[in-house]
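So the structure is just underneath, and the comments pick up after that.
The values are calculated or read from the model by the stated rules, or taken from the named source; none is laboratory data. Treat the numbers as computed from the prediction; the structure is a model and nothing was measured. When we count neighbours, we look across all protein chains shown, and the Cβ atoms used for this are built from the backbone with ideal geometry, even at glycine. Side chains included, ligands, DNA and RNA excluded: accessible areas come from the protein's heavy atoms. Shrake-Rupley method; radii C 1.70, N 1.55, O 1.52, S 1.80 Å.
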Amino acid sequence: IILFGGFQVFDRSGTDITRLFTPLISKLFLSILLNTLRDNKGITSGMLRDQLWSGKSLSSARNTMAVNLIRLRKILEGLDGCRISSETSYWKFEFDTSVVYIDYWEYLTLARESQMISRVQLLDLLRLFHSGPFLHGISFEEVDNFKTEVSDTATDVLSRFERTLNPETDAELLMEVCNTVFIFDPVDEEALILKCKILLKAGKHSMAVKCFEQFSKQYFELYGEEFGKSYKDIFGVDPS
């Protein structure tokens, strides 16, 4: 089950079955999946109805939800080691981690260990992030909240890790970390300064200037005002 770079589901034989997930069933599945994986709690029937069928009467919403849950469970029969359960008052996605791979679960595991993350784990995180934006192409309120959460957490984890690296010996990895931070926050000033310093150290002055100019342009587009610091203010040299 792939969420970074877009939503994809593969069955036990490796066949892409994403097409079986209609927009509505995708929303239903993602609402259950995301709320389960984040805190192992799941989501109530009432919350699902409010999110997906708020315009329907209670009886109509219940019937529609029941029909779509049956369809969802039928689709998931193509996967081993997972099921939708409702043994408590919450709908949950139960799965065997040795059978089912979920990139969002891998991300959560790595992010929760961020205080002691290793270089290998950092590379795993970067691999996930480079797959593409989280749930690219899917947007509704519940998913958008998770997108924001992933973006904020990713930026925080990467920023904390970059402070543990040595610019002298880890320049290449630091550059990759900076570029990844920009995926989530294109106007992260800390990443800008570090990236430009690495480029300047490598004698790539024109690339550093271009990086600063792109950052300033995006800053203006986002906030409608100038960045407020010049290239010389930060790096002590003229851009020309």
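Overview of results
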quantity: Top positive-direction residue, dipole computed over the chain with Cβ charges, set L174, P186, Y104; calculated: Y104
quantity: Cα centroid of region 49-64 to Cα centroid of region 201-231, whole Å; calculated: 49 Å
quantity: Length-normalised contact order for the chain - Cα pairs under 8 Å, 6+ apart - percent; calculated: 18 percent
quantity: Euclidean distance between Cα centres, region 98-140 to region 144-193, Å; calculated: 14 Å
quantity: Relative frequency of Cα-Cα separations exceeding 13 Å in region 186-232, percent; calculated: 52 percent
quantity: Debye-sum result for the chain in log10 I(q)/I(0), which assumes one identical scatterer on each alpha carbon, at q = 0.18 Å⁻¹; calculated: -1.30
quantity: Surrounding net charge for L76, when Lys and Arg each add one and Asp and Glu each subtract one, Cβ distance under 14 Å; calculated: +1
quantity: Unit Cα scatterers, Debye sum, region 132-229: log10 I(q)/I(0) for q = 0.10 Å⁻¹; calculated: -0.31
quantity: Highest-first arrangement of 186-192, 13-19, where packing means the average Cβ count within 10 Å; calculated: 186-192, 13-19
quantity: Value at 222 nm in deg cm²/dmol, rounded to 500, when DSSP H runs of n ≥ 4 in the chain each add -39,500 (n - 2.57); calculated: -18500 deg cm²/dmol
quantity: Size of charge dipole - the chain - debye, nearest 20, with Cβ of Lys, Arg +1 and Asp, Glu -1, no other charges; calculated: 740 debye
quantity: Over region 1-62, relative contact order from alpha-carbon pairs under 8 Å, at least 6 apart, %; calculated: 17 percent
quantity: Surface share of carbon and sulfur [accessible, 1.4 angstrom probe, percent] for the chain; calculated: 51 percent
quantity: Net charge of neighbours whose Cβ lies under 12 Å from the Cβ of L58, counting Lys and Arg as +1 and Asp and Glu as -1; calculated: +2
quantity: Given charges at Cβ of Lys, Arg, Asp, Glu: region 1-108 dipole, positive-most of I17, F93, Q51; calculated: Q51
quantity: Solution diffusion estimate, µm²/s, Stokes-Einstein, region 71-173, Kirkwood Rh from C-alpha pairs, 10 °C, viscosity 1.306 mPa s; calculated: 98 µm²/s
quantity: Summed residue charge, Cβ within 10 Å of P239's Cβ, Lys/Arg positive, Asp/Glu negative; calculated: 0
